[in-house]
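The values are calculated or read from the model by the stated rules, or taken from the named source; none is laboratory data. Small disclaimer: the values here were computed from a predicted structure and weren't measured. In case anyone asks, the SASA skips ligands and DNA or RNA and just uses the protein heavy atoms, side chains included. Shrake-Rupley method; radii C 1.70, N 1.55, O 1.52, S 1.80 Å.
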Amino acid sequence: MASEYVPILSLLGQLSSASPTRAWQSAPHPHLPIVATATSDRTVSIHSLRDFRILSTISGGHKRSIRSVAWRDDGKKGESVLATGSFDSSVGIWKREDAYTKDEGGPPGGMTEDDLDLSNEGFIGSESIRSEDSEDWQFAVLLTGHDSEVKCVAFSPSNPSLLATSSRDKSLWIWEAVSEEDDYETIAVLTDHSGDVKCVAWHPEREILASGSYDDSIRLWRDIEEEGDWGCIGCIEGHGGTVWGVTWEPRLGKASHEELRLASCSDDLTIRIWKKAAPERREERKPGALPSIIRPPSSTELWQQDSILPQMHSRSIYAIAWSKISGRIVSCGGDGNIFVYKEVESNESEEDDSMQGTDSNGEAPDRRWQVVAQMGGAHDDYEINHVCWAPRQDRGKQHDDEEVILSTGDDGVVRVWTLP
């Protein structure tokens, strides 16, 4: 059977740094129409998502490539806080008073439609907003402790005072901001992984952390009250290669009592969805009889595979992102391609099975994933290191829920894509 036609992404714009080198990762600001990009020239580029021009180049804090960036979303008026993870084994915390909100008179978390007006008097891209100098960013604190390259940094959305960092030294560290004077203390050093810890992702609503590793596993962590310390509450195995990325399902239309799923991508060319297993019912047995299975401690969670997305990539899948608006997943990898997947009812899916995923038993489930958009050679001949979703902010925006895809590549640029 001939493959079904898959629509192509459209290139909306391109963000280039002042000195193009390999770009590792991009992170849209949680409230402002800007994006931060980590690059191998030891700088972070800040671009506008309204007109795609460069606003700032942050430099001077690290001695080697900056591999990861993350914004802290604590709703503090007039201030942005950015964490940077570097190959020099350190983590930097940067702060900046937002000229955007200071000049326009509103906090990031309380922006109105007037703040985002697309006219010449708009929030970003107007004549009244200047390009900032790197000196406007203060290098507030340097966090040290890792013994090798820092691969990923992430602030907790449910408790922004918590920062997670992962490293090539096989460890995760959890830091807590204990004062407004930029004091951070280490509250946990987690060393259960047996290989590089490539990625970390916080649960969107709870203080639970997921990590992916070179040891092919995913681990879940939280503060275990009965033990009085952070520990591993679950180990998910199933991938046949390095786990490069993990991302949590957004709440969207799910009821508050429903558990959120977790997605992961790997060197084994698969994207897998995992769900928390239902608690097992205790069996009735005769006195003195042994249970049929060994049950884990109460703090341990059992997770099982929910589905495998259509296998589209021909080389390692480096990053995935789960949209908070549409619920779609986007992926990128070493083959330079981008794919977008949508979960649908089985009776709504296309006939071509190669474009559809399977459940944990390799069979067609009630709901399944299908490819709905793609872009081959999205950065020409270069690998794509990262991909993420962002609200659309440029003049061509048609509606409030419109979003774009940001891809970050070895060519040193970030490309902005719209869906068909």
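Computed values, structure above
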item: Average Cα contact separation per residue, region 135-212, under 8 Å, 6 or more apart, as relative contact order %; result: 27
item: Size of region 222-280 as Cα extents on the principal axes (Å, biggest first); result: 38, 31, 23
item: Cα shape, region 143-222, gyration tensor, a/c 1.5 rule; result: oblate
item: Viscosity 0.692 mPa s, 37 °C: Kirkwood-radius Stokes-Einstein D of region 163-284 over Cα pairs, µm²/s; result: 211
item: Accessible surface ranking that places the most exposed of CYS152, CYS235 first, with a 1.4 angstrom probe; result: CYS235, CYS152
item: Calculated over region 16-68: convex hull of Cα atoms, volume per residue (Å³); result: 70
item: Per residue accessible area in Å² of region 131-226, where ligands, DNA and RNA are left out and the probe is 1.4 Å; result: 42
